[in-house]
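Everything on this sheet refers to the single structure shown next.
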Amino acid sequence: MGNDFYRKLGASFLNSAGVIYAIERVGSLIARSHEIAALYEANMFNALPETHITSFFDNIFVPILAFLGMILFVYGFPKKIK
């Protein structure tokens, strides 16, 4: 397994962490918009929705995949030989 394999594996881990985070973020924003629409429909203009907007550390897989991806990506670059 050469350095190119580790770079590709690291990049795929970083991409998968980004995709998982983006999907969760979009899902939470859709849920929040549904709550806001329901509040407006019920004429409750002063109430705020209680939906939790996801952060980076809410899903344990996102920081783990990002951390492993960065380590593998950096490890995949060739080292200088003197």
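Of note:
- Enumeration of residues in the stretch 1-27 that are of a type in the set (Val, Ile, Thr) and free of Cβ contacts under 8 Å to residues at least 12 places away in the same chain: Val19, Ile23, Val26
- Residues within the stretch 28-62 that are free of Cβ contacts under 8 Å to residues at least 12 places away in the same chain and either among the small types (Gly, Ala, Ser) or within 30 Å of Asp4 (Cβ to Cβ) (or both), tallied: 7
- In the stretch 62-82, the residue that is most open to solvent (accessible area, probe 1.4 Å) out of those that are in a helix (DSSP H, G or I) and out of contact with any helix residue (DSSP H, G or I) (no Cβ under 6 Å at 6 or more places or on another chain) is Phe67.
- Among the residues of the stretch 9-54, those identified as within 30 Å of Lys79 (Cβ to Cβ) and either surrounded by 14 or more Cβ atoms within 10 Å (Cβ to Cβ) or modelled with pLDDT under 85 (or both) are Leu9, Gly10, Ala11, Ser12, Phe13, Leu14, Ser16, Ala17, Gly18.
- On the stretch given as the stretch 24-61, residues that are within 27 Å of Leu14 (Cα to Cα), of a type in the set (Phe, Trp, Tyr) and part of a loop (DSSP other than H, G, I, E, B) total 2.
The values are calculated or read from the model by the stated rules, or taken from the named source; none is laboratory data. Remember, predicted model here, so these are calculated numbers, not experimental data. So basically every Cβ, Gly included, is an ideal-geometry build from the backbone, and we count neighbours across all protein chains shown. With ligands, DNA and RNA removed, areas are computed over all heavy atoms of the protein, side chains included. Shrake-Rupley method; radii C 1.70, N 1.55, O 1.52, S 1.80 Å.
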